[in-house]
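Here's the structure we're looking at; comments come further down.
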Amino acid sequence: MSLVAIVGRPNVGKSTLFNRLVRRKVAIVEDVPGVTRDRNYATAEIDGKRVTLVDTGGLEPYSEDALTGSMASQVEQAVSEADLILFVADAHEGVLPLDREIAEFLRKRSSDVLLVVNKVDGPKHEDMVTDFYALGFQAILPVSAEHNLGISDLRSEIADRFPEAEEVTGEEGEEESVRVAVLGRPNTGKSSFVNAILGAERVIVSPIAGTTRDAIDTQVEVKGKAYTLIDTAGIRRKSRVETGVERWSVLKALKAIDRAEVCLLMVDAVEGVSDQDLKILDLIVRGGRGVIICLNKWDIVDKDHMTFDHTRKEIAHMLGPHRHIPVISMSALTGMRVEKVFELVDKVHEDLGRRITTSKLNDFMEAAMRELPPPMVGKKRTRIYYATQVSTKPPAFAAFSSYPEGIPKHYERYLVNKFRDTFGFEGVPLRMYFRKRKRSGENEGED
Ligand code: GDP
Ligand code: GDP
């Protein structure tokens, strides 16, 4: 995974730039307000390269008093993990002491820094840019994040630094095995879970080095089927001094999600689903990976007060649009339903690659529109003429309409929910794209 961190003092336009770079051509249905409010991470395609962007401005506020010298620890983490830093400064304000301080910090810690001078909204600001050479970086790019100027140059500068996107494939002999990431907050039982599998099955193929530097994967076999547990290094030999890094686990999670097909989100059944869990779920869904929620430590849950059905309902309520995600109660300690988790993994994995035929899909669309026609927009009523599955892993569908702009979000959600009721796909993110139907005679190619 190529990681790009956006760094700079407050108000220089980091989040504007972040949004500019991750902007997608087509909306994704599962972009749900509320769930995604404070988003600091996003995977974007930049000139054909897949990169993950981190907006460090959203992580932890920089100290306003300029000369404190230390950067917030999460920002520091991001800088040390990133493959490229976009150091953003403000052309209107010129070089301020805090810019120098950040420059100093970056020079010590990061090899690849691109200085992005933002708010160069027109020719009259261009003169300002030369001042920024004083910060000592070779690569300087003037942009206006707000007015979309210089952004395509920036995109190619970023893309040039990264190799062609490669399909995540397993090591040799690993093709058959499903890649599973075990995620969750500290103390939810991730290492107990991994050890439970290793202990019970005793068929550990020796740990193999993953494709990513310092990621250790473990091959296991459960009931005769092979699985690769992604990046178990931190899980298997854990250090007790990890507490300070806890919040940053999001970054580790991102890297694991990137390499996984199915993610297990370990939750302490006694404590329930937390906001951080919802954030990780959001990252998984955006990453297009399958997901299962494992309610661990079910052995110590007071069953008189908390039945599984009740808990399941509560969680579904919290999940909102993600309420299709399977929830399983289990115990890593007693081994209860640990194998069952892998049956779910198989199911989700299968659904990730599942195809719905065009004729079934169109029967579905017809029925869905009959039950609830798309709303009128002015005097127009949009119709969806046909739909087809365009890819798998995750399953994506294109629906062609005379007037795609006229299909409101709530109608998209109606279709996706109805689709899930009809076809299942629990724990699998779905993408539905609404496109303009091309008039007959026109080329039917991709836009
Ligand atoms: P952050 O604190 O670094 O994330 O900065 P924001 O992205 O929140 O932007 C701070 C302010 O600068 C906002 O009022 C933006 O509208 C404004 N801004 C961002 N980019 C530009 C730009 O290219 N030109 C101008 N003139 N203003 C911008
Ligand atoms: P991790 O930080 O997510 O890897 O969590 P650990 O596997 O280290 O577990 C944290 C604590 O929870 C340890 O004391 C475990 O013994 C305990 N634990 C893990 N799974 C279970 C379980 O299923 N039931 C009970 N009662 N305790 C568990």
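Some points to look at:
- Residues of segment 363-400 that are of a type in the set (S, T, N, Q) and within 27 Å of Gly287 (Cα to Cα): Thr388, Gln389, Ser391, Thr392.
- Within segment 403-423, residues that are more than 22 Å from Lys360 (Cα to Cα) sit with their Cβ atoms under 6 Å from residues that are among the hydroxyl-bearing types (Ser, Thr, Tyr), at 6+ positions apart or across chains, in these pairs: Tyr403/Thr382; Gly406/Thr382.
- Number of positions in segment 99-119 that are open to solvent by 10 Å² or more (accessible area, probe 1.4 Å) and free of Cβ contacts under 8 Å to residues at least 40 places away in the same chain: 10
- Test result for Glu221, touching a Gly at 6+ places or on another chain (Cβ under 9 Å) and at pLDDT 50 or above: no
- Scan segment 283-299 for residues that are out of contact with any Pro (no Cβ under 6 Å at 6 or more places or on another chain), in contact (Cβ under 8 Å) with a residue 40 or more places away in the chain and either assigned to a loop (DSSP other than H, G, I, E, B) or open to solvent by less than 10 Å² (accessible area, probe 1.4 Å) (or both) and the total you get is 8.
- Boolean, Tyr386 is under 30 Å from His349 (Cβ atoms), in contact (Cβ under 8 Å) with a residue 12 or more places away in the chain and in a strand (DSSP E or B): yes
The values are calculated or read from the model by the stated rules, or taken from the named source; none is laboratory data. The structure presented is a predicted model; accordingly, all values stated were derived computationally and were not measured. Counting neighbours? That spans all protein chains shown, and the Cβs are built from the backbone with ideal geometry, glycine included. These area figures cover heavy atoms from the full protein model, side chains too; ligands, DNA and RNA do not enter into them. Shrake-Rupley method; radii C 1.70, N 1.55, O 1.52, S 1.80 Å.
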